[in-house]
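Note sheet for the following structure.
The values are calculated or read from the model by the stated rules, or taken from the named source; none is laboratory data. The shown structure was predicted, so the numbers you read here are calculated from the model rather than taken from an experiment. Cβ sites come from the backbone with ideal geometry, for glycine too, and all protein chains shown count toward neighbours. Surface areas here come from the heavy atoms of the whole protein model, side chains and all, with no ligands, DNA or RNA. Shrake-Rupley method; radii C 1.70, N 1.55, O 1.52, S 1.80 Å.
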Amino acid sequence: MWTLDAADGELLLRTGVTGRAAQLGHRLTIVMTRWRATVGWNGAEPVTAELTVETNSFEVVRGEGGFKGLSGPEKALVRSNALRSLGAGRFPEIRFVADTSDQIAKTGSGYRITGMLHIRGKSREHVIDLRTEDLGDSWRMSAQSAVRQSDYGIKPYSLLMGSVQVADDVTVCFSAVRVGARG
């Protein structure tokens, strides 16, 4: 079993901006600071994968665009609004689970993992293409995947009567390095 957490890599969210006044909004980069990934192995092949993220481990790293940079209080407001939208008090974890070997298929550059993504009490099938690279004494893994907020009952935040909105699709970026052999 492999176990990875924030000491081994990073889990970032990137948002976009839509609406008539989108140029006023910020495209956010958010880091999830508390997460844990596990991979179960049968010999040299992965057979299970799970990622659990603490919903309230949300930290705004930066905001690009807009007329000025995000201040500390603005970052705190973004965090507060996001945690309310995610229902963090009621749904403290976000989880992705692929718990059978037929949900993990080898590809030319890594693995295609088909599992269930659980956000805010809703579950949907989600596919992640995980790229892997053998570095000799360690493995580098990375993935990028789009998640549509409205699929999980999350209403994207908006202001100015909807003239500036967080885009419905959020890009999730994962990268980590695992020291040691596969399996």
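HIS118: net charge of surrounding residues, Cβ under 10 Å, Lys/Arg +1, Asp/Glu -1, itself excluded?
Net charge around HIS118: +3.
Taking θ = phi - 60°, what integer Hz values does the Karplus form 6.51 cos²θ - 1.76 cosθ + 1.60 yield along region 128-145, in sequence order, with x for Gly and Pro?
10, 9, 9, 8, 10, 9, 7, 9, x, 9, 7, 10, 9, 10, 8, 7, 9, 8
Mind checking which lysines have their Cα closer than 29 Å to the Cα of LYS155? Skip sequence neighbours fewer than 8 apart in that chain.
Of all the lysines, those that pass the test against LYS155 - Cα under 29 Å, at least 8 places apart if same chain - are LYS68, LYS75, LYS122.
Taking θ = phi - 60°, what integer Hz values does the Karplus form 6.51 cos²θ - 1.76 cosθ + 1.60 yield along region 39-45, in sequence order, with x for Gly and Pro?
10, x, 10, 10, x, 9, 10
I'd like to know how region 52-152 sits against the 2.2 N^0.38 Å rule of thumb: what's its Cα Rg over that expected value?
Ratio of Rg to 2.2 N^0.38 Å for region 52-152: 1.34.
How large is ³J(HN,Hα) for each residue in region 114-120, as worked out from phi by the Karplus curve 6.51 cos²θ - 1.76 cosθ + 1.60 (θ = phi - 60°), to whole Hz, x for Gly and Pro?
Residue by residue, region 114-120 yields 10, x, 9, 9, 10, 9, 6 Hz.
Which of the peptides 28-34, 132-138 is most tightly packed, and how do the rest follow, going by the mean number of other Cβ atoms within 10 Å of each residue?
The peptides rank, most packed first, as 28-34, 132-138.
What do you get for the angle between helix 72-86 and the principal long axis of the chain? Use alpha-carbon atoms, 0 to 90 degrees, nearest ten.
For helix 72-86, the angle is close to 70 degrees.
Just want to confirm a number: the relative contact order over region 1-148, from Cα pairs under 8 angstrom separated by 6+ residues, in percent.
16
For the chain, modelled as a GNM with alpha-carbon contacts under 10 angstrom, which of ASN81, ASN42, ASN56 fluctuates the most?
Of ASN81, ASN42, ASN56, the most mobile in the Gaussian network model is ASN42.
If I compute solvent accessible area with a 1.4 Å probe over the protein chains, what percent of it on the chain is carbon and sulfur?
The C+S portion of the solvent-accessible surface of the chain is 52 percent.
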